[in-house]
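Here the structure comes first, spelled out in structure tokens, and everything after it is commentary.
The values are calculated or read from the model by the stated rules, or taken from the named source; none is laboratory data. Note that the structure is predicted; figures quoted are calculated from it, not measured. All Cβ positions, glycine included, derive from the backbone under ideal geometry; neighbour counts span all protein chains shown. Ligands, DNA and RNA are excluded from the accessible area calculation, which covers all protein heavy atoms including side chains. Shrake-Rupley method; radii C 1.70, N 1.55, O 1.52, S 1.80 Å.
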Amino acid sequence: MVDVTEEIRKMEITDNIYLLAQQLFQHDNQLPDKPVEFKIGDKVLLHYIKVEKQWSGKFDPKWNGPFHIEEILGNRAYKLRLDNKILTKAAHGNRLKSYHNITPPFISNIPQLGVQRILVQPDEIPQDLEPIIIINNNMSN
């Protein structure tokens, strides 16, 4: 009986190692082959490293921006501009990702606070999209 449980334990360990190797292989295949090179004027997001190092910032945004590439310093280092202010420190390319301003085209006139009604034109709704009802529980005015 002891031999059977020992065999089962060894099989579980082998299965776990196999699954881990599979996950690592899939992860490595999803990584980009070469780093992204940005041009002057491109919009990018800057990764905020300090958030990942502390527990208190667990729900804080990890990406800031969008910034504009102001200057290319070489060796994947970039000077960034936010509005009209240029950051004093350069940012390395591994801390940047492209910014894509994506807003749903079928949503219009959404107030900042207290969203109660979203006006949507019927011909703007994609056919495969199911309606979502947003209920605002804070009705105090």
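Here are a few things to note about the model shown:
- Looking only at segment 48-70, residues that are open to solvent by less than 30 Å² (accessible area, probe 1.4 Å) and modelled with pLDDT of 90 or more come to 2 in all.
- Matching entry among Val36, Val44, Val115 (being surrounded by 10 or more Cβ atoms within 10 Å (Cβ to Cβ), modelled with pLDDT of 70 or more and assigned to a loop (DSSP other than H, G, I, E, B)): Val36
- Selected residue [at pLDDT 90 or above and in a loop (DSSP other than H, G, I, E, B)] from Lys79, Lys89: Lys89
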